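Take a look at the structure below.
The values are calculated or read from the model by the stated rules, or taken from the named source; none is laboratory data. Note that the coordinates shown come from a computational prediction; the quantities given were computed from them, not determined experimentally. Cβ atoms come from the backbone with ideal geometry, glycine included; neighbour counts cover every protein chain shown. Please note that ligands, DNA and RNA were not included when accessible areas were found on the heavy atoms of the full protein model with its side chains. Shrake-Rupley method; radii C 1.70, N 1.55, O 1.52, S 1.80 Å.
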Amino acid sequence: MSAKEIKALVRRFFEGVNKGKAAFMAAIDELYATDYVEHGGTGEDRRGIKAYKKSMGEFYSAFPDIHATLDDMVVEGDRVAVRFTLSYTHKGEFMGAPPTNKKVTTEEICIICIAGGKFVETWARYDTLGLMQQLGIVPTAKK
């Protein structure tokens, strides 16, 4: 695939993210390989599209108004590095914490490997600590 085609796939994914849970799940079905693997997002690998959809469905249940802003995208061969910002409101249980109705913003970075027009593997780093601090679940460091 060309860099232009890969960028179009990533943009299509982010369009799904911003249209809500149903559109996001449809984008996963469209863009992800059934044997997709995500490394490092939560400290353990998610293997298979079903596991990924389950995890993302739970995230959408906690944060139903997710909005993603694509900040940077760089393509090299069959991989694309993406930096993006997520904004959302804590409306449902998340990692055992009850809803706080707090609006939060986190920055994320991932590298996606694409084969046959599908996302097959991702190495992701999420700002989980920043999220937990914004929700008041984890205290911020004192200055």
(request) For the stretch 5-51, enumerate the residues that are within 22 Å of THR85 (Cβ to Cβ), at pLDDT below 90, among the charged types (D, E, K, R) and part of a helix (DSSP H, G or I). (result) LYS21
(message) Show the residue pairs meeting these rules: Cβ distance below 6 Å; 6+ apart or different chains; first residue within the stretch 96-110 and under 16 Å from HIS67 (Cβ atoms) and in contact (Cβ under 8 Å) with a residue 24 or more places away in the chain; second residue assigned to a loop (DSSP other than H, G, I, E, B) and open to solvent by 10 Å² or more (accessible area, probe 1.4 Å).
(response) THR106/ASP127; GLU107/ASP127
(message) All but one of (1) surrounded by 14 or more Cβ atoms within 10 Å (Cβ to Cβ); (2) touching a helix residue (DSSP H, G or I) at 6+ places or on another chain (Cβ under 8 Å) hold for ASP35; state the number of the condition that does not hold.
(response) (1)
(message) Checking the structure you have, find out if any residue of the stretch 4-24 is out of contact with any helix residue (DSSP H, G or I) (no Cβ under 8 Å at 6 or more places or on another chain), free of Cβ contacts under 8 Å to residues at least 12 places away in the same chain, open to solvent by less than 60 Å² (accessible area, probe 1.4 Å) and of a type outside the set (Val, Ile, Thr).
(response) yes
(request) Examine the stretch 67-90 for a residue that is open to solvent by less than 80 Å² (accessible area, probe 1.4 Å), under 23 Å from LEU129 (Cβ atoms), without any contact (Cβ under 8 Å) to a residue 40 or more places away in the chain and over 14 Å from the mean Cα position of the chain (by Cα), and state whether such a residue exists. (result) yes
(message) Just the residues that are among the polar types (S, T, N, Q) and open to solvent by 40 Å² or more (accessible area, probe 1.4 Å), please, taken from the stretch 91-111.
(response) THR100, ASN101, THR105
(message) Restricting to the stretch 112-143, count the residues that are assigned to a strand (DSSP E or B), open to solvent by 20 Å² or more (accessible area, probe 1.4 Å) and of a type in the set (A, V, I, L, M).
(response) 2
(message) Only one of ILE109, ILE137 is of a type in the set (A, V, I, L, M) and modelled with pLDDT of 90 or more. Can you tell me which?
(response) ILE109
